[in-house]
1. Looking only at residues in segment 1-35 that are exposed (fewer than 15 other Cβ atoms within 10 Å of the Cβ) and hydroxyl-bearing (Ser, Thr, Tyr), which one is nearest to His53 (Cα to Cα)?
2. Check whether at least one residue in segment 182-196 is outside any loop (DSSP other than H, G, I, E, B) and either over 19 Å from Met102 (Cβ atoms) or modelled with pLDDT of 90 or more (or both), and report yes or no.
3. Sort out which residues of segment 165-179 are modelled with pLDDT under 85 and of a type in the set (Asp, Glu), and write them in order of number.
4. Pick from Glu31, Glu11: which is charged (D, E, K, R) and modelled with pLDDT of 90 or more?
5. Limited to segment 32-67, what total is found for residues that are acidic (Asp, Glu) and within 14 Å of Ala6 (Cα to Cα)?
6. Please report, ordered by residue number, the helices (runs of 4 or more DSSP H) entirely within segment 16-105 with at least 1 residues that are touching a residue at least 40 places away in the same chain (Cβ under 8 Å).
Amino acid sequence: MLTHTAEDYLERIYMLSLRLERVKSSDIAKEFGIRTPSVISALKLLKEKGFVHYRKHGAVTLSEKGMERALDVYDRHKTTYRFLRFVLGVPDGIASADACGMEHSVSPETADAMKDFFSFIRLKKDAGVDIQGEFQKFRKEKPTVGKRARYSDTDSGTRRLSVVKDGIRCVILKLDGDREVKRRLLDMGVIPGETVEIRNRGPLGFPIEILIQGYVLTLRRDEAESVIVREA
């Protein structure tokens, strides 16, 4: 089984091969914004698993099964991005970032359902029914009561949830830190815009119990430190 990072490598190698005649480890490092030795270590593991062909100082190419996996990841990314951007109307940068995370977890069944929905709205549009347009109109005109507030990264008074005192209600602004930690938080419903309150702490300060969306959840220190909030 490949990790999400390994899948990212395969997808990125594929994307680089579309615009470069010869993909080198330094090209991959530049694309990820990391050092070349880190890329070489990852390539060695992918080579051992049979997903890439690679020699030191040589070109990096995908094997047959590496190409198959890369195309699968890319297809899931493209499908998720299109759904977020063009169906739901999520801003481009946000849709792209969200698709990067969702591409690893979306099931084939869900991806197929999104593709079927694309076909469905095209058929409806051909019949004179603009579902996308109606939905975007609904989003613009819906009442703001109960709508989650949006905040920018420049808001003052921001802090990490880990240092907030018990009983103080805060609004989650964003999630920071490791991708896997952010994924766990999102899975639990700890998302920007929600109101959160620390209810209880462990003997040494952690873990902490929080109240969010009417539920009590337990967060570890690294999870609490990844939640950026502002007092409500």
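1. Ser26
2. Here is the first cut: in segment 182-196, the residues outside any loop (DSSP other than H, G, I, E, B) are 182-188, 195-196.
Filter again for either over 19 Å from Met102 (Cβ atoms) or modelled with pLDDT of 90 or more (or both), leaving 195-196.
Yes, segment 182-196 contains a residue that is outside any loop (DSSP other than H, G, I, E, B) and either over 19 Å from Met102 (Cβ atoms) or modelled with pLDDT of 90 or more (or both).
3. Of segment 165-179, the ones modelled with pLDDT under 85 are 177-179.
The one that is modelled with pLDDT under 85 and of a type in the set (Asp, Glu): Asp178.
4. Values: Glu31 fails: modelled with pLDDT of 90 or more.
Exactly one of Glu31, Glu11 is charged (D, E, K, R) and modelled with pLDDT of 90 or more, namely Glu11.
5. Going residue by residue through segment 32-67, those that are acidic (Asp, Glu) are 48, 64.
After this cut, where a residue has to be within 14 Å of Ala6 (Cα to Cα) as well, the list is 48.
Final tally of qualifying residues: 1.
6. Details: elements: 25-32, 36-48, 64-82, 92-102.
Per the criteria, 36-48, 64-82, 92-102.
The values are calculated or read from the model by the stated rules, or taken from the named source; none is laboratory data. Keep in mind that what you see is a predicted model, and the values were worked out from it rather than measured. In this analysis, Cβ positions are derived from the backbone assuming ideal geometry, glycine residues included, and neighbour counts consider all displayed protein chains.
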